[in-house]
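The values are calculated or read from the model by the stated rules, or taken from the named source; none is laboratory data. Bear in mind that the values here come from a model prediction, so they are computed numbers and not experimental data. Note that we place each Cβ from the backbone using ideal geometry, even for glycine, and neighbour counts take in every protein chain shown. Protein only, heavy atoms only, side chains kept; ligands, DNA and RNA dropped before computing areas. Shrake-Rupley method; radii C 1.70, N 1.55, O 1.52, S 1.80 Å.
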Amino acid sequence: MSALGMEGSEEAQTPSGEALSLPWDRFSSWLHCICVVGFDLELGQTVEAMYPSHAKLTDKEKTSICYLSFPDSNSGCLGDTQFCFRFRQSTGRKSSLHCVLDQVDRDSPVYLKKDPSCFYGYVYFRQVRDKTLKRGYFQKSLVLISKLPYINFFHTVVKQIAPEYFERNDPCLEAACSDIDRWPAPVPGKTLHLPIMGLVVKVRIPTKHDKPGTTQLVDMTQQTDAHISVALPTIHEVDLFRCFSPVFFHIQLLWELVLLGEPLVVMAPSPSQSSETVLALVGCISPLKYCSDFRPYFTIHDSEFKEYTTRTQAPPSVIFGVTNPFFAKTLQHWPHIIRIGDVKLAGDVPKQVKVKKLKTLKTLDSKPGVYSSYKPYLNKDEEIIKQLQKGIQQKRPTEAQNAILRRHFLELTQSFIIPLERYVASLMPLLKSISAWKSPPQPKPFSQEEFMKTLEKTGPQLTSRLKGDWIGLYRHFLRSPNFDGWFRSRRKEMMQKLEALQLEALCNEDLLIWVQKHTEVESVDLVLKLKNKLAFAQREHLPVGVDTLQKLQGQVDTIIQELPEDLREILLKTNSS
C-alpha cells in the first residue's frame with residue numbers, strides 16, 4: 001500500500017524545485033489521512049480503518065474524530081449528510097506537512113494558511129435503514145483529515161469517494177489514495193487538474209497577491225477541456241447568502257460581532273447547517289483573518305466542553321456550532337446566540353425580526369433568530385437588505401445573491417481596515433535611517449490616540465456610506481484578538497522589510513575595502529554576521545531579490561579568500577556545516 005501512486009506518474013516538483021519523490025509525499029501535502037468511522041453496539045463510534053496505514057493519530061485525536069464524525073442522534077439525519085469540523089491536535093506532535101512545502105504556506109492568503117494547532121475534518125455521513133444489522137441502521141462516516149481549510153474543494157472530493165466506498169469498501173479507498181498521491185503540491189497561483197475516482201477537478205489555489213473579491217478560477221468561462229468533470233470557482237468559500245438567509249436582517253450586527261471576536265454560538269438542526277453557518281461567519285470579515293478559535297460542529301463529548309460552558313468565568317472568544325438541545329441550557333449565559341431553523345424554500349422572504357433578548361431563549365426549539373443584548377456601533381445598511389429582498393422576490397439565482405452579499409462584506413471590511421493599514425504604514429522608519437553598519441531600526445509603536453486622530457480626515461467615511469460610531473467600533477476592535485493577530489502579522493512584515501533593506505544596503509557597500517581597513521578579528525566577525533544574515537534571509541523568506549543575496553554571498557566568499565589560510569579553512573568549514 002505504501003508504494004501506491006508512484007508508478008507511471010510524472011515527478012511532482014515543489015516550489016523550491018525539490019522532487020516529491022517519496023511515497024505519500026504528495027498525499028501528505030493535501031491530507032493527513034482518511035478515516036472510516038463506524039458504529040459498534042458495544043463500543044459506540046470507532047475508527048474502523050485509516051489510510052495510509054502508517055498515518056499517526058493519538059488516542060485523543062481518534063476520540064475527537066469519532067464523536068465529531070456522527071451527527072447528534074436528535075438531528076435525525078437519514079440518508080447522506082456532509083459537514084465539516086475542526087479540532088485541536090495533540091500537543092507535541094510534529095507537522096505532517098513537509099518543510100519543502102513551506103512556500104505553499106508562505107504565498108497563501110492569511111485565511112488559507114495551514115492551521116498549526118488544529119485539524120479539519122471533512123465528513124460524508126450515511127445513515128440508511130438496514131434490517132440485516134442489529135441496530136436496524138447502516139451508519140458510517142468517511143472523513144478526510146487535513147490541515148488545509150479548503151472547505152469547498154474537500155467537500156467535492158469526499159462526495160466523490162464516499163458513495164463509492166460504501167458500495168465497494170477498501171479497494172475503492174486504495175484507488176482514491178493512489179489518485180491523491182499523484183497530485184502536484186497545492187501551489188498558490190496555479191490552476192491544477194486533479195483526478196479522483198474517474199473525476200477530474202479543476203481548481204486554482206489562491207495566492208496572497210490576488211486582488212480580494214476576484215473570481216478564483218479566472219478562466220471558468222473558457223471551459224473547453226473535455227476531460228474536466230468539475231471546475232470549482234473557489235476552493236474554500238461557502239455560500240454566504242444561503243447560510244445567512246435565515247438571519248439576513250442582522251448581517252450588520254453579525255459582522256460586528258465576528259470582527260470584535262465576541263463569543264458566538266450557532267444552534268442549528270443539523271451539523272451541515274451548523275458548520276456552514278460558522279464557516280460563513282468566520283469568512284464574512286475576509287480578507288481579515290479571524291484569529292480566535294472556531295468550531296464548525298461541537299459536541300458535548302469535546303475535550304473543551306467544560307472550558308467553553310463553564311459559568312465561573314466569562315465565555316472565551318470563540319464561534320462554535322451545536323445541534324444538541326442540551327446546549328440551549330448550558331449556554332444560556334453566553335452573550336450572543338444565533339438560532340437557525342430548518343432551511344426554507346429559496347423563494348420565501350424572511351420576515352423582519354428584531355434581535356431577541358437572551359432570557360427568551362429557553363430551549364433549542366425557540367424561534368429562529370439572533371439572541372443578544374449587543375447594540376451595534378454602525379447604523380444598519382438598509383440598501384443591502386432591500387437589494388437582497390428584491391433578489392428573493394425576483395427569484396435571482398443564489399450565486400448572484402451570494403456574490404452581492406460577499407461584495408458587501410468585502411467592501412465593509414476594507415473600509416474598516418484601510419485606515420489601519422494606512423496608519424501602520426506610517427510607523428515604518430524612513431529609508432535614510434537604514435544603515436549597512438547598524439542594526440535595522442525598529443518600527444514606531446502603535447499609538448491608539450495617534451491612530452484615532454487620523455480618522456477625522458482619512459477614516460472609513462472616505463469609502464463607506466455607513467454612518468454610526470466608527471470611533472467606538474475601532475476602540476473595541478483594538479482590544480480584540482483579531483486586531484492582535486492582524487498587527488502581529490503586520491509588524492512581522494515590517495521587521496522583515498527592514499532586515500531586507502539592510503541587506504540591500506550591505507550589498508551596495510564595497511566590503512573588501514572595509515576589510516582592508518580593519519583587523520582580522522573584525523573581518524572574521526563581519527563574515528560570521530553576514531553568513532548569519534544570509535541564512536536568516538533564506539530561512540525567513542525575507543522580501544529580498546535573489547541577485548542581492550548572490551552578490552552578498554559573493555562578497556563573503558571574496559573576503560574569506562583574502563584571509564590567512566588557517567582562518568579561511570575554519571570559515572569554509574562553518575560554511576559547509
Inset, instruction - Can you give me the ranges of the helices (runs of 4 or more DSSP H) entirely in the stretch 437-536 with at least 2 residues that are within 30 Å of residue 407 (Cβ to Cβ)? - result: 448-458, 470-477, 481-507
Inset, instruction - Please name all residue pairs, on different chains or six or more residues apart, with Cβ atoms under 7 Å, provided the first residue is in the stretch 108-132 and is more than 23 Å from residue 162 (Cβ to Cβ) and the second residue is outside any loop (DSSP other than H, G, I, E, B). - result: 110/489; 113/105; 114/105; 117/88
Inset, instruction - Consider residue 22 carefully, then state whether it is modelled with pLDDT of 75 or more, surrounded by fewer than 15 Cβ atoms within 10 Å (Cβ to Cβ) and of a type in the set (A, V, I, L, M). - result: no
Legend entry - Failed item, numbered, when residue 300 is tested on (1) at pLDDT below 90; (2) in a loop (DSSP other than H, G, I, E, B); (3) farther than 14 Å from residue 69 by Cα: (3)
Legend entry - residue 321 assigned to a strand (DSSP E or B) and within 26 Å of residue 78 (Cβ to Cβ): yes
Legend entry - Check on residue 480, in contact with a Ser or Thr (Cβ under 8 Å, 6 or more places away or on another chain), under 30 Å from residue 110 (Cα atoms) and open to solvent by less than 60 Å² (accessible area, probe 1.4 Å): yes
Legend entry - Cross-chain or 6+ apart pairs with Cβ under 7 Å, the stretch 536-557 first and touching a residue at least 60 places away in the same chain (Cβ under 8 Å) and closer than 16 Å to residue 436 by Cβ, then in a helix (DSSP H, G or I) and not polar (S, T, N, Q): none
Legend entry - Residue satisfying condition, being within 26 Å of residue 379 (Cβ to Cβ) and among the hydrophobic types (A, V, I, L, M, F, W, C), within set 305, 298, 244, 294: 244
Inset, instruction - Could you tell me whether residue 485 is among the small types (Gly, Ala, Ser) and in contact with a strand residue (DSSP E or B) (Cβ under 6 Å, 6 or more places away or on another chain)? - result: no
Inset, instruction - Please go through the stretch 518-532 and pick out each residue that is among the polar types (S, T, N, Q) and either touching a residue at least 12 places away in the same chain (Cβ under 8 Å) or touching a His at 6+ places or on another chain (Cβ under 6 Å) (or both). - result: 523
Inset, instruction - Evaluate the stretch 348-363: report whether one residue or more is at pLDDT 85 or above and outside any loop (DSSP other than H, G, I, E, B). - result: no
Inset, instruction - With respect to residue 48, determine if the residue is over 16 Å from residue 118 (Cα atoms), among the charged types (D, E, K, R) and in a loop (DSSP other than H, G, I, E, B). - result: no
Inset, instruction - Could you grab me the full set of residues in the stretch 181-221 that are modelled with pLDDT of 90 or more and outside any loop (DSSP other than H, G, I, E, B)? - result: 191, 192, 193, 194, 195, 196, 200, 201, 202, 203, 204
Inset, instruction - Take the residues in the stretch 393-432 that are among the polar types (S, T, N, Q) and assigned to a helix (DSSP H, G or I), then tell me which one is surrounded by the fewest Cβ atoms within 10 Å (Cβ to Cβ). - result: 393
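Name the helices (runs of 4 or more DSSP H) wholly within the stretch 227-297 that hold at least 3 residues that are open to solvent by 20 Å² or more (accessible area, probe 1.4 Å)?
Hits in the stretch 227-297: 271-283.
How many residues does the stretch 303-336 hold that are in contact with a strand residue (DSSP E or B) (Cβ under 8 Å, 6 or more places away or on another chain), among the hydrophobic types (A, V, I, L, M, F, W, C) and at pLDDT 85 or above?
Keep residues of the stretch 303-336 that are in contact with a strand residue (DSSP E or B) (Cβ under 8 Å, 6 or more places away or on another chain), which gives 303-304, 308, 316-323, 327-328, 331, 334-336.
So of that shortlist, the ones also among the hydrophobic types (A, V, I, L, M, F, W, C) come out as 318-320, 322, 327-328, 331, 334.
Add one more test, that the residue is at pLDDT 85 or above, and what stays is 318-320, 322, 327, 331, 334.
Here the count works out to 7.
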Inset, instruction - Working only within the stretch 507-557, note down all residues that are within 25 Å of residue 104 (Cβ to Cβ), open to solvent by 70 Å² or more (accessible area, probe 1.4 Å) and more than 32 Å from the chain's Cα centre (by Cα). - result: 547, 550
Legend entry - Number of the condition not met by residue 306 [criteria: (1) surrounded by 16 or more Cβ atoms within 10 Å (Cβ to Cβ); (2) more than 20 Å from residue 269 (Cα to Cα)]: (1)
